[in-house]
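Asker: What follows is a single structure, and I will ask about it in a moment.
The values are calculated or read from the model by the stated rules, or taken from the named source; none is laboratory data. All figures in this text were calculated on a predicted structure; none of them were measured in a lab. Please note: Cβ atoms are built from the backbone with ideal geometry, for glycine as well, and neighbour counts cover all protein chains shown. Heads up: the accessible areas ignore ligands, DNA and RNA and are worked out on the full protein's heavy atoms, side chains in. Shrake-Rupley method; radii C 1.70, N 1.55, O 1.52, S 1.80 Å.
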Amino acid sequence: MKASSNQQGDLLSLGGLDAEITRAKTLLAELTSGKSTKAMRELNLQLAGELIEARNQLDSVELELKRAETDLHTVEQRIDKDNLRLNSTSNSKDAQGIQSELATLTKRKSELEDMELAILEKKDEVSAAFAEVQARKTLNENELREAESKIEAEVLKQRSGLDLMVQQRAQRAALLPVELLELYEKKASRGIAIGRLTGRECGACRISLGATAFAEIQALASDDIATCPDCQAILVR
């Protein structure tokens, strides 16, 4: 098959453009695969679970504290009531019974106050743990949003560039003879279709031609299509 030097040059440019299109498509596939943010998304799910657990623990402690406060308030009311009864009674036997009950209630009040203090300390610890997980989750979510925003911007940029290259390819392909383009497309379906012959090295497969093959190519007319004996790519001299 014949092709002028200009046509071979156009075909080489088409090959370079196809390589750029392939790289752009590969990059787009990588960007849209979600691989770069997978770890952050998995961590976000993990932290969501930890946050629910921490919230449940905090709710449990707050409920426990509320019960202790209610019990303490009930005991304090009974103490106040018994003190009023003690102050108003003149019966020594009744007074003795009230005093005995007051002693029991006072002991119970002390126990409840100690319990309340312990629960408050536990609440502080659980609240701190909840706040720590919440802060980690918020930080991770912010980092994830920022990463996804950058990826989205890069995807738009790459798609715009890809669209432009596809248009340029169509324009360049339209300038080539149909048979030459079909030959190129057939070779491109199997691998790199074209490369420049630099010295004795094929620009497509990077293998140096043997002396005999190189001499045969050198003997061809400038408008004859030469191919690499190893990869069968078109060689532009």
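Asker: Send over a whole-number figure in Å² for the accessible area per residue of region 114-164, probe 1.4 Å.
Answerer: Working: 3500 Å² over 51 residues.
Roughly 69 Å² per residue, with all protein chains present.
Asker: Something else: How much net charge surrounds Ala153 when only other residues with a Cβ under 12 Å from its Cβ are counted (Lys, Arg +1; Asp, Glu -1)?
Answerer: Working: positive: Lys150, Lys157, Arg159; negative: Glu146, Glu148, Glu152, Glu154.
Every neighbour counted, the sum reads -1.
Asker: Give me the lysines in straight-line cross-link reach of Lys35: C-alpha distance below 27 Å, same-chain residues under 8 apart excluded.
Answerer: Lys35 reaches Lys25, Lys137, Lys150, Lys157.
Asker: Roughly how big is the chain's charge dipole about its Cα centre, with Cβ charges of +1 (Lys, Arg) and -1 (Asp, Glu), in debye to the nearest 20? Display every interim value, and only then the final one.
Answerer: Values: 33 positive and 40 negative charges, 214 e Å.
Here the size comes out at about 1020 debye.
Asker: Quick one: putting +1 on the C-beta of Lys and Arg, -1 on the C-beta of Asp and Glu, what dipole do you get for region 124-164 around its Cα centre, in Debye to the nearest 20?
Answerer: On the way: 6 positive and 10 negative charges, 52 e Å.
Here the size comes out at about 260 debye.
Asker: May I pose another question? In the chain, carbon and sulfur make up what percent of the accessible area (probe 1.4 Å)? Each step should come with its number before you reach the end.
Answerer: Values: 7790 of 15160 Å².
Answer for the chain is 51 percent, counting heavy atoms of protein chains only.
Asker: Heavy atoms only, probe 1.4 angstrom, no DNA, RNA or ligands counted: give me Asp223, Asp18, Asp114 ranked by accessible area, highest first.
Answerer: On the way: Asp223 60, Asp18 30, Asp114 100 Å².
If we order Asp223, Asp18, Asp114 from most to least accessible, we get Asp114, Asp223, Asp18.
Asker: Would you check the accessible area of Arg206, probe 1.4 Å, heavy atoms only, in square angstrom rounded to 10?
Answerer: Only protein atoms counted, so the area is about 150 Å².
Asker: Another question about this same structure. Need one value: the accessible area of Glu216 in square angstrom, 1.4 angstrom probe, rounded to the nearest 10.
Answerer: Solvent-accessible area, nearest 10 Å²: 120 Å².
Asker: Assuming a ≥ b ≥ c are the square roots of the Cα gyration tensor eigenvalues, decide whether the chain counts as rounded (a/c under 1.5), prolate (otherwise, with a/b larger than b/c) or oblate. Don't skip to the answer; put the middle values down first.
Answerer: Values: a/c = 9.66, a/b = 5.77, b/c = 1.67.
Prolate, because a/c is 1.5 or more and a/b exceeds b/c.
Asker: Protein chains only, probe 1.4 Å: how do Cys228, Cys205 rank by accessible area, largest first?
Answerer: Cys205, Cys228
Asker: As a test, work out the antiparallel percent of DSSP beta bridges whose residues both lie in the chain, rounded to the nearest 5.
Answerer: Values: 6 of 9 bridges.
About 65 percent, rounded to the nearest 5.
Asker: Using a cut-off of 13 Å between beta-carbons, work out the net charge of the residues near Ile52 (Lys and Arg +1, Asp and Glu -1, Ile52 not included).
Answerer: Values: positive: Arg55, Lys137; negative: Glu50, Glu53, Asp59.
It works out to a net charge of -1.
Asker: Using a cut-off of 17 Å between alpha-carbon atoms, which lysines can reach Lys81, once sequence neighbours fewer than 8 places away in the same chain are excluded?
Answerer: Lys107, Lys109
Asker: Just name one of Ser92, Gln134, Ser5: the one whose Cα is farthest towards the positive end of the charge dipole of the chain (beta-carbon charges, Lys/Arg +1, Asp/Glu -1).
Answerer: Ser5
Asker: Please state the shape class of region 104-237: rounded when a/c is under 1.5, otherwise prolate if a/b exceeds b/c and oblate if not, all from the C-alpha gyration tensor.
Answerer: Details: a/c = 7.81, a/b = 3.92, b/c = 1.99.
The shape class here is prolate.
Asker: Arrange the residues Ile98, Ile192, Ile151 by how much accessible surface each exposes, largest first, with a 1.4 angstrom probe.
Answerer: On the way: Ile98 5, Ile192 105, Ile151 35 Å².
Output order, biggest surface exposure first: Ile192, Ile151, Ile98.
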